[in-house]
Amino acid sequence: MWEAREGPWENAAWGGTNGGIFKSTDGGTTWTELTVGLPAVTQADLAVAPTDPNRIYATVATGRPTNIYRSDDAGEGWRLITEDTRPAARRAMTTASAYRQGAPGGEGRPSLSPV
């Protein structure tokens, strides 16, 4: 989850500084923030590997740069998987563009595709 705002009269999106990756195991009644191995998260995009539901990839924005992290235990722990910021920067630009254009996924947020 992350803070964002874009009014119909504005031509840009503004993101907040509070965000995180959260997990629920009881259908959404309670939520736990996942933090082990992650920096302070401003915004994150997630994808679950279709071959292993415990493997999750996340592009994590902390301001600059955006990085890619991987979890092999359903989000309990994370590790940075590349020092190269170009792949994550590309994803961040695509996400920002899709957000501004009101991409499929509801209420102006982009839909996520599995990795």
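The mean sequence separation of alpha-carbon pairs under 8 Å and at least six residues apart, normalised by the residue count of the range 27-87, gives a relative contact order of 29 percent.
Subtracting the Cα-Cα distance of L80 and T62 from their residue separation scaled by 0.36 nm leaves 5.2 nm. FRET efficiency for the pair T51 and D26, taken as 1/(1 + (r/R0)^6) with r the Cβ-Cβ distance and R0 = 25 Å, rounds to 0.45.
Computed from the coordinates by the stated procedures, all read-outs in this text should not be read as laboratory data. Predicted model only: the values in this text are computed from it and were never measured. Every residue, glycine among them, receives a Cβ derived from its backbone with ideal geometry; neighbour counts consider all protein chains shown.
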